[in-house]
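Participant: Next up is a structure, given as structure tokens.
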Amino acid sequence: MKFEDIYKTYWDRIFRLCMGFVNDYDIAQDLAQETFIIVWQKLETFRNESSIGTWIFRIASNNCLRQIERQKRFPKSALPLHLTEEKQYSLEPQIQFLYKCIAELPETDRIIISLELEDVKQSEIAKIVGLSETNTRVKIHRIKEKLTQKFKENGQQ
């Protein structure tokens, strides 16, 4: 598969996965780009032991986890008020709330639900996160219950 085809096929899905991790549009864009730089650099080494999608999602997940670790080591300091920028996003309020809720989940749960939302097969999710398929199914069910509860508590439909 050519890199251009991979990029076109997976860009949106990888961006949404990153968005689920960091809940920040700009950082998610950067993480998705970094993921595809790695894919481009390592494409020759892909061994077809899993699907290309599983491989790319694994790279993206690892990239997001590294970003979270960097954020923990180097906490952000608040910008002076006169430097803040108003960002205009086209995301609906419910989707923004969903990303916020996903970002509050433990790291493994974030990976699992973000992949589930991208319609990645549960068997592939299990391979990506290193869990059994049964455990993955149970986790997906529990995560969905948590998110549903948060939506109810917030008055979202």
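Participant: Diagonalise the Cα gyration tensor of region 21-71 and give the resulting equivalent ellipsoid semi-axes, square root of 5 times each eigenvalue, largest first, whole Å.
Facilitator: Taking √(5λ) for each Cα gyration eigenvalue gives 22, 11, 9 Å.
Participant: Need one number for the chain: average projected area of the convex hull over its C-alpha atoms, nm². Don't jump to the answer; show the numbers that get you there.
Facilitator: Details: hull surface 43.6 nm².
Projected over every direction and averaged, the Cα hull of the chain covers 10.9 nm².
Participant: What percent do you get for the relative contact order of the chain when only Cα pairs under 8 Å and 6+ apart count?
Facilitator: 26 percent
Participant: Same structure, new question: At what distance in angstrom do the alpha carbon centres of region 107-147 and region 1-55 lie from each other?
Facilitator: If you average the Cα positions of each part, the centres end up 18 Å apart.
Participant: What number comes out for accessible area per residue over region 1-61 if the probe is 1.4 Å? Units Å², please.
Facilitator: Counting only protein heavy atoms, the per-residue value for region 1-61 is 56 Å².
Participant: Let me ask something else about it. R0 = 25 Å: FRET efficiency of LYS152 with GLN71, Cβ-based, nearest 0.05? Please report the intermediate quantities before stating the final value.
Facilitator: Details: r = 29 Å, r/R0 = 1.18.
My answer for the efficiency is 0.25.
Participant: Hey, another quick one. Report the Stokes-Einstein translational diffusion coefficient (µm² s⁻¹, integer) for region 103-157, Rh taken as the Kirkwood radius over Cα pairs, at 20 °C with viscosity 1.002 mPa s.
Facilitator: Result for D is 186 µm²/s.
Participant: Modelled label-to-label distance, ARG47 and LEU117, 7 Å Cα→beta-carbon offset: nm?
Facilitator: Each label point is offset 7 Å from its Cα along the Cβ direction, giving 3.3 nm.
Participant: Take each of the peptides 110-121, 35-46, average the number of other beta-carbon atoms within 10 Å over its residues, and list them starting from the highest. Before the final figure, lay out the partial values.
Facilitator: Working: 110-121: 20.1, 35-46: 14.0.
With the highest mean Cβ count within 10 Å placed first, the list reads 110-121, 35-46.
The values are calculated or read from the model by the stated rules, or taken from the named source; none is laboratory data. Please read all numbers here as calculations on a predicted model, not as lab measurements. Methodologically, a virtual Cβ is constructed for each residue, glycine included, from the backbone with ideal geometry; neighbour enumeration extends over all protein chains shown. Note: areas computed on protein heavy atoms with side chains; ligands, DNA, RNA excluded. Shrake-Rupley method; radii C 1.70, N 1.55, O 1.52, S 1.80 Å.
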